[in-house]
1. Say we look at the stretch 84-99 and pick out the residues that are buried (at least 16 other Cβ atoms within 10 Å of the Cβ) and at pLDDT 95 or above; which of these is farthest from Ile60 (Cα to Cα)?
2. Does any residue in the stretch 72-92 that is more than 21 Å from Glu21 (Cβ to Cβ) come within less than 6 Å, Cβ to Cβ, of a residue that is charged (D, E, K, R) six or more places away or on a different chain, and which pairs are these?
Amino acid sequence: MDLQASNSKQRICFCLKVKPERLAEYTQRHREVWPEMLEALRRAGWENYSLFLREDGLLIGYFETADFAGALAAMAASEVNRRWQQEMAPFFDGDPSLLPDQQIRPIPEIFHLP
């Protein structure tokens, strides 16, 4: 059973790993997200976007969208997103050849209480 098929919006959850020594600065940067970045996310179809950060650096992201592949592609084509991702890349553990948003792998949803 595809839990997301019953809803016109896809619920996307993903994990990334923030370097523990960069947690405070990463948190501060997200208190000051550029207005043009916020607008680009909205235009690309990212809705109800939230980030949760654990003290060991585990970052959980969640958003809703009508088209996950399209939402990623729209952001990838955005100049402001390229600048933001380049600035954020040093905060993350992971593959240094990929920008943070290129490392998003959705976690399969197994339960949803509407």
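The values are calculated or read from the model by the stated rules, or taken from the named source; none is laboratory data. Here the structure is a predicted model, which means the values were calculated and not measured. Backbone-built Cβ (ideal geometry, glycine too); neighbour counts: all protein chains shown.
1. Looking at the filtered set, the residue picked out is Trp84.
2. From the stretch 72-92, the pairs are Val80/Glu36.
This table checks each residue for (1) basic (Lys, Arg); (2) closer than 28 Å to Phe111 by Cβ; (3) out of contact with any Pro (no Cβ under 7 Å at 6 or more places or on another chain); (4) modelled with pLDDT of 95 or more.
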{"site": "Asp2", "(1), (2), (3), (4)": "no, yes, yes, no"}
{"site": "Ala5", "(1), (2), (3), (4)": "no, yes, yes, no"}
{"site": "Arg11", "(1), (2), (3), (4)": "yes, yes, yes, yes"}
{"site": "Ala24", "(1), (2), (3), (4)": "no, no, yes, yes"}
{"site": "Ser50", "(1), (2), (3), (4)": "no, yes, yes, yes"}
{"site": "Leu53", "(1), (2), (3), (4)": "no, yes, yes, yes"}
{"site": "Ile60", "(1), (2), (3), (4)": "no, yes, yes, yes"}
{"site": "Leu72", "(1), (2), (3), (4)": "no, yes, yes, yes"}
